[in-house]
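Working notes for the structure below.
The values are calculated or read from the model by the stated rules, or taken from the named source; none is laboratory data. Predicted, not measured: the structure shown is a model, and the values here were computed from it. Accessible surface is based on the protein model in full, side chains and every heavy atom, while ligands, DNA and RNA are left aside. Shrake-Rupley method; radii C 1.70, N 1.55, O 1.52, S 1.80 Å.
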Amino acid sequence: MFKKTVFVFIGVLALFFVACGSDEKKDANQSALSSAEDLGLRKTSLQSEDSVILPNAVYESAMPGESELIQRSFENAPPLISHSVDGMLPLSADSNICLTCHDKALAADLNATAMPPTHYFDFVNNKSTGDVVSNARFSCTQCHVVQSDAKPIVGNTFKADFQNETLKNKSNLIDTLNEGIK
Ligand code: HEC
Ligand code: HEC
């Protein structure tokens, strides 16, 4: 009988603490939400795009074939788009103009960098996608970005180390993907 009472008592105590804990959590969430405007770097509502002012930036204007390649941000980073993408976006399931120049079968003739072997590999099913770009790589601008002269809002002193000079301008991810994994 005594044991049973102690158990019930501990049970009630535990419930009390759980209840208090979740109340505190709720309060924390609420205060974060009421100051949502301060959360982002743009200091405006994160729930609406209506008052977003885009930076007054000038985008790269050199056409493909006329631009200068940019050194990789770090080893095997997605290369930055060196040329203008005027009139090329948005990409859609029916129309992806990037492929017409960067497809591995066409790139050399156009002096464009060919998409690397990682873009023709299905890493989920662990098999090659042959001559067709992997669906996971279809949306190029998800990873490769066009350049502008916008000033960075947050400073950055990162300096990349490269294992050799070639990797400053070329990727080799397919060969080094499992580096460090036993
Ligand atoms: C008309 C052909 C053409 C089209 C279309 C095109 N590119 Fe390019 N791209 C090039 C050429 C050529 C270069 C090499 C630089 C130069 O000559 O301007 C290049 C360079 C690049 C680079 C830099 C590669 C490196 O090795 O550093 C990236 C990334 C890139 N393009 C991505 C894209 C994406 C993404 C699209 C679609 C939004 C696209 N390109 C559309 C021809 C093209
Ligand atoms: C999910 C992110 C992602 C997407 C989507 C993607 N890429 Fe890449 N891309 C990368 C990364 C990371 C690298 C460098 C490492 C490597 O070789 O995979 C790269 C490398 C490249 C290179 C340089 C190849 C070399 O030999 O140095 C080209 C050109 C390129 N991508 C073009 C494209 C084009 C065109 C598309 C769209 C059809 C595209 N990528 C879609 C992440 C992406």
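Observations on the structure shown:
- For region 75-152, the per residue solvent-accessible surface stands at 63 Å², with DNA, RNA and ligands left out and a 1.4 Å probe.
- Under 5 Å, built H, 5+ apart or other chain: amide partners of F121: T129, S134
- Carbon + sulfur, % of accessible area of region 56-177 - ligands and nucleic acids excluded, 1.4 Å: 53
- Amide H to amide H, with H built 1.01 Å from N, V146 comes under 5 Å of I81, counting only residues 5 or more places away or on other chains.
- A simple rule links phi to the HN-Hα coupling: the Karplus curve 6.51 cos²θ - 1.76 cosθ + 1.60 with θ = phi - 60°, which for region 67-75 gives 8, 9, 4, 10, 4, 4, 5, 6, 4 Hz, with x for Gly and Pro.
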